[in-house]
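Note sheet for the following structure.
The values are calculated or read from the model by the stated rules, or taken from the named source; none is laboratory data. For clarity, every value in this text was computed on a predicted model and none was experimentally measured. Backbone-built Cβ (ideal geometry, glycine too); neighbour counts: all protein chains shown. The area values use the complete protein model at the heavy-atom level, side chains included, leaving out ligands, DNA and RNA. Shrake-Rupley method; radii C 1.70, N 1.55, O 1.52, S 1.80 Å.
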Amino acid sequence: MMPEDIILKPVLTEKAMDGIADKRYTFTVLRSANKTQIKTAVEQMFGVKVAGVNTVTRRGKLKRMGRNEGYTPTTKKAVITLKEDSKPIEVFNSLM
């Protein structure tokens, strides 16, 4: 599996932006990916050294449109912590 298949998009919330100063980056990832796959994908894509990976699976919410109801997609989020001697990810530098 390619790294581009595992890392789907960055999360751009206030809480995620607060972690950038501490070298903590948040991404939406493939639901079937485990922590080891996420770690190697981030290291290959951005050329950084990863210290740790924390993951959260968010269940989809029940939504209604009139009398029809269904669920939004279930997503998985990964919080990546870089090592102290690692360089920061340049994609997030322009957002600060």
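Answer yes or no as to whether Thr81 is open to solvent by less than 80 Å² (accessible area, probe 1.4 Å), touching a Gly at 6+ places or on another chain (Cβ under 9 Å) and part of a strand (DSSP E or B).
On the way: open to solvent by less than 80 Å² (accessible area, probe 1.4 Å): yes; touching a Gly at 6+ places or on another chain (Cβ under 9 Å): yes; part of a strand (DSSP E or B): yes.
So Thr81 passes the test.
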Next item on the list: Go over the candidates Glu14, Glu69, Glu84 one by one and state the one that is without any contact (Cβ under 8 Å) to a residue 12 or more places away in the chain and touching a strand residue (DSSP E or B) at 6+ places or on another chain (Cβ under 9 Å).
Entry: Glu69
Notebook entry, point to check: Hey, any hits in the range 25-47 for a residue that's surrounded by 14 or more Cβ atoms within 10 Å (Cβ to Cβ), charged (D, E, K, R) and at positive phi?
Noted result: no
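Check whether at least one residue in the range 55-77 is aromatic (Phe, Trp, Tyr), open to solvent by 90 Å² or more (accessible area, probe 1.4 Å) and not in a loop (DSSP other than H, G, I, E, B), and report yes or no.
First, pick out the residues of the range 55-77 that are aromatic (Phe, Trp, Tyr): 71.
Imposing the further condition that a residue be open to solvent by 90 Å² or more (accessible area, probe 1.4 Å) reduces the set to 71.
Now narrow it down to the ones that are not in a loop (DSSP other than H, G, I, E, B): 71.
Scanning the range 55-77, I find at least one residue that is aromatic (Phe, Trp, Tyr), open to solvent by 90 Å² or more (accessible area, probe 1.4 Å) and not in a loop (DSSP other than H, G, I, E, B), so the answer is yes.
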